[in-house]
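Working notes for the structure below.
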Amino acid sequence: MKKLISSMALLTLGVLAVSFQQDKALKESIARGKEAYGMYCQNCHMENGKGQEGVFPPLAKSDFMQKPIAELINVVLKGQTSAITVNGVSYNNIMPAQDYLTSEQIADILNYTRNAWGNRLKGLVTPEQVNHLRE
C-alpha cells in the first residue's frame with residue numbers, strides 16, 4: 001500500500017511539473033506573440049483584436065478562433081480567400097498568406113490571439129504543428 005501511495009505521489013508531482021512547464025512555455029509564447037501580432041496582424045485586426053466590421057473579422061471574443069488549431073494555422077500559412085462568418089457577420093475580404101513568418105512566429109501569434117481580448121482557449125500551438133502543415 002505504501003508503494004502504491006508513493007507511486008501516486010510521484011506521478012502527481014510529474015504531472016504538476018509538466019503542467020508548470022507548459023504554462024511557462026505558453027506565457028513566453030504569448031509574450032512573443034503579442035509583439036509579432038503588433039508587427040504583422042494589427043493593421044487589419046486592430047490592436048484590440050476587434051477588426052473592422054464587414055472588412056476585417058474580429059479575433060477578440062471570436063467564434064472563429066475556436067476552430068481546430070490546424071485550421072487556424074492553415075489560415076495564417078495559406079491565407080483566406082473564401083467568405084467566412086465570424087460572430088454572425090459575413091466577411092469576404094482576402095487575407096494573404098503569411099507563410100513568410102517563421103513557424104515560431106505563427107505559433108506565438110496564435111497562442112497570443114487565442115488567449116487575448118476575452119479568448120481563453122486551451123492548448124499550446126507549437127512550431128512543430130506549424131512545420132507539419134507547411135508544404
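Of note:
- Theoretical gain in end-to-end length, Gln52 to Ala97 [0.36 nm per residue, Cα-Cα removed]: 14.3 nm
- Charge sum, other residues only, whose C-beta stays under 13 Å from Gly88's C-beta, Lys/Arg counted +1 and Asp/Glu -1: -1
- Fully extended contour minus Cα-Cα distance, from Gln42 to Lys61, at 0.36 nm per residue: 5.3 nm
- Rolling a 1.4 Å probe over the protein heavy atoms gives region 72-135 an accessible area of 53 Å² per residue.
- If the segment from Glu128 to Ile84 were pulled out straight at 0.36 nm per residue, it would be longer than the present Cα-Cα gap by 13.1 nm.
- Highest-first arrangement of 117-124, 104-111, where packing means the average Cβ count within 10 Å: 104-111, 117-124
The values are calculated or read from the model by the stated rules, or taken from the named source; none is laboratory data. Just so it is clear, the model here is predicted, and its values are computed rather than measured. All Cβ positions, even for glycine, are placed from backbone atoms using ideal geometry, and neighbour counts span all protein chains on display. Only protein heavy atoms, including side chains, enter the accessible area calculation; ligands, DNA and RNA are left aside. Shrake-Rupley method; radii C 1.70, N 1.55, O 1.52, S 1.80 Å.
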